[in-house]
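Asks: Got a structure here, written out as structure tokens. Questions coming.
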Amino acid sequence: MVARHSGDNTGMISILLAVLFAATQPSPPPDLSTPPPDAQNIGNGLITKMLVPGRGPDVPSDEDVVKIRYTIWSSPDGKLVDRVAPPQWVVPAVGVMMPGMKQTVEMMHPGEQRRAWIQERLGARGRVPPGGMLVADVELIEIIHQPVAPADVAAPPPTAIVTKSGLAYRVLRKGTGTRHPKIGDTVVVHYSGWYPTGLRFDSSVVRGEPAEFPLRDVIAGWREGMQLLTEGERARFWIPESLAYHGQQGKPKGTLVFDVELIKIK
């Protein structure tokens with residue numbers, strides 16, 4: 001005989017959801033409270049160990065922005081404090097990170113994964129039990145250096161393509177996608193903008209966060225230029241005033257130069 005249950009199933013649903021949530025949470029590492037002998041003691045309250053090596057000689061500085069993922073636990077209780085899991089990432093400025101995370105990231109190369117044991121005095125105070133640590137698994141996806149005015153900012157080089165409208169552009173890195181955004185799409189981008197003198201007037205890179213906007217809402221040069229790109233592509237645009245702000249009060253005037261990376265089409 002099958003038992004029959006009547007009434008509200010809210011309690012059972014809550015239990016199932018709790019079990020599912022727990023199953024998706026990463027378990028604390030076995031060395032949560034005791035760093036292994038091969039970990040590097042920096043000597044100021046930070047101990048760290050490389051888990052996966054990176055590539056190339058480049059490491060971040062205080063002036064850079066980084067694209068990272070991480071999972072952070074408190075020690076010794078093993079509580080999950082914070083997590084940015086794949087395929088997501090965050091793009092913080094290195095100079096404003098808590099000291100323990102900043103020191104860890106500044107040791108890393110792109111592609112590297114590293115575990116850090118961060119004592120209270122390096123930014124963990126109030127987030128861990130007294131005398132405890134934060135233990136962070138960090139993946140450095142990309143270093144985004146502060147944007148510097150390009151050498152050809154004053155005028156498009158002979159290799160640039162000029163469209164019928166007067167927009168000039170040059171591809172800096174080929175995209176990984178095949179779809180081009182359409183006028184009704186929303187795009188997620190990183191960009192920096194300069195005057196032809198080399199003076200920078202705007203940058204999402206400096207702010208440490210990509211910009212998102214509908215294509216129909218931007219200046220004509222952006223609308224045209226973005227539709228030439230695919231996801232992952234980087235390009236430089238030279239946009240004449242006729243395709244920009246038309247001399248509007250309070251807006252950048254004259255020809256504008258942008259380095260743009262199309263991150264995502266939505």
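Asks: Which members of the range 45-56 meet the condition of being small (Gly, Ala, Ser) and either at pLDDT 95 or above or in contact with a helix residue (DSSP H, G or I) (Cβ under 7 Å, 6 or more places away or on another chain) (or both)?
Replies: Within the range 45-56, the first condition is being small (Gly, Ala, Ser), and the residues that meet it are 45, 54, 56.
Across the range 45-56, the qualifying residues are Gly45, Gly54.
Asks: If you don't mind, there's one more thing I want to ask. Condition first: touching a strand residue (DSSP E or B) at 6+ places or on another chain (Cβ under 7 Å) and open to solvent by 60 Å² or more (accessible area, probe 1.4 Å). Now tell me which residues in the range 173-194 satisfy that.
Replies: Result: Arg173, Arg179.
Asks: Same structure again: Of (1) over 28 Å from Glu63 (Cα atoms); (2) touching a Ser or Thr at 6+ places or on another chain (Cβ under 9 Å), Arg223 satisfies all except one. Which?
Replies: Unmet for Arg223, out of (1) over 28 Å from Glu63 (Cα atoms); (2) touching a Ser or Thr at 6+ places or on another chain (Cβ under 9 Å): (2).
Asks: When residues of the range 45-70 are filtered for being closer than 23 Å to Ile263 by Cβ, part of a strand (DSSP E or B) and not aromatic (Phe, Trp, Tyr), how many remain?
Replies: Result for the range 45-70: 5.
Asks: Provide a single number: the residues in the range 130-148 that are open to solvent by 40 Å² or more (accessible area, probe 1.4 Å) and either free of Cβ contacts under 8 Å to residues at least 12 places away in the same chain or assigned to a loop (DSSP other than H, G, I, E, B) (or both).
Replies: Number satisfying all stated conditions: 5.
Asks: Taking the criterion of being open to solvent by less than 30 Å² (accessible area, probe 1.4 Å) and touching a residue at least 12 places away in the same chain (Cβ under 8 Å), would at least one residue in the range 49-57 satisfy it?
Replies: Taking the range 49-57 first, the residues open to solvent by less than 30 Å² (accessible area, probe 1.4 Å) are none.
No, there is no match, as no residue in the range 49-57 is open to solvent by less than 30 Å² (accessible area, probe 1.4 Å) and touching a residue at least 12 places away in the same chain (Cβ under 8 Å).
Asks: Quick one: what pairs do we get from the range 213-242, first residue under 22 Å from Ala154 (Cβ atoms) and free of Cβ contacts under 8 Å to residues at least 24 places away in the same chain, second open to solvent by 10 Å² or more (accessible area, probe 1.4 Å) and in a loop (DSSP other than H, G, I, E, B), C-beta under 6 Å, 6+ apart or different chains?
Replies: Glu241/Gly254
Asks: All but one of (1) surrounded by fewer than 20 Cβ atoms within 10 Å (Cβ to Cβ); (2) in contact with a strand residue (DSSP E or B) (Cβ under 6 Å, 6 or more places away or on another chain); (3) more than 30 Å from Pro92 (Cβ to Cβ) hold for Pro210; which doesn't?
Replies: Every condition holds for Pro210 apart from (3).
Yes/no matrix, rows are residues, columns are (1) open to solvent by less than 60 Å² (accessible area, probe 1.4 Å); (2) touching a helix residue (DSSP H, G or I) at 6+ places or on another chain (Cβ under 7 Å); (3) of a type in the set (Phe, Trp, Tyr); (4) at pLDDT 95 or above:
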{"residue": "Leu16", "(1), (2), (3), (4)": "no, no, no, no"}
{"residue": "Pro28", "(1), (2), (3), (4)": "yes, no, no, yes"}
{"residue": "Pro36", "(1), (2), (3), (4)": "yes, no, no, yes"}
{"residue": "Gly43", "(1), (2), (3), (4)": "no, no, no, no"}
{"residue": "Tyr70", "(1), (2), (3), (4)": "yes, no, yes, yes"}
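Asks: Could we say that Gly221 is within 13 Å of Val257 (Cα to Cα) and touching a Leu at 6+ places or on another chain (Cβ under 6 Å) here? Break it down stepwise before answering.
Replies: Numbers: within 13 Å of Val257 (Cα to Cα): yes; touching a Leu at 6+ places or on another chain (Cβ under 6 Å): yes.
Answer is yes for this residue.
Asks: If Ala116 satisfies all but one of (1) part of a strand (DSSP E or B); (2) in contact (Cβ under 8 Å) with a residue 24 or more places away in the chain; (3) surrounded by fewer than 21 Cβ atoms within 10 Å (Cβ to Cβ); (4) not β-branched (Val, Ile, Thr), what's the number of the condition it fails?
Replies: (3)
Asks: Just the residues that are assigned to a strand (DSSP E or B) and within 27 Å of Val188 (Cα to Cα), please, taken from the range 73-106.
Replies: Of all residues in the range 73-106, those assigned to a strand (DSSP E or B) come to 73-75, 80-84, 90, 93.
Asp82, Arg83, Val84, Val90, Ala93 - these are the residues of the range 73-106 that are assigned to a strand (DSSP E or B) and within 27 Å of Val188 (Cα to Cα).
The values are calculated or read from the model by the stated rules, or taken from the named source; none is laboratory data. Fair warning: this is a prediction, and the values are worked out from it, not measured in the lab. Every residue, glycine among them, receives a Cβ derived from its backbone with ideal geometry; neighbour counts consider all protein chains shown. Keep in mind that these areas ignore ligands, DNA and RNA; they rest on the heavy atoms of the full protein, side chains included. Shrake-Rupley method; radii C 1.70, N 1.55, O 1.52, S 1.80 Å.
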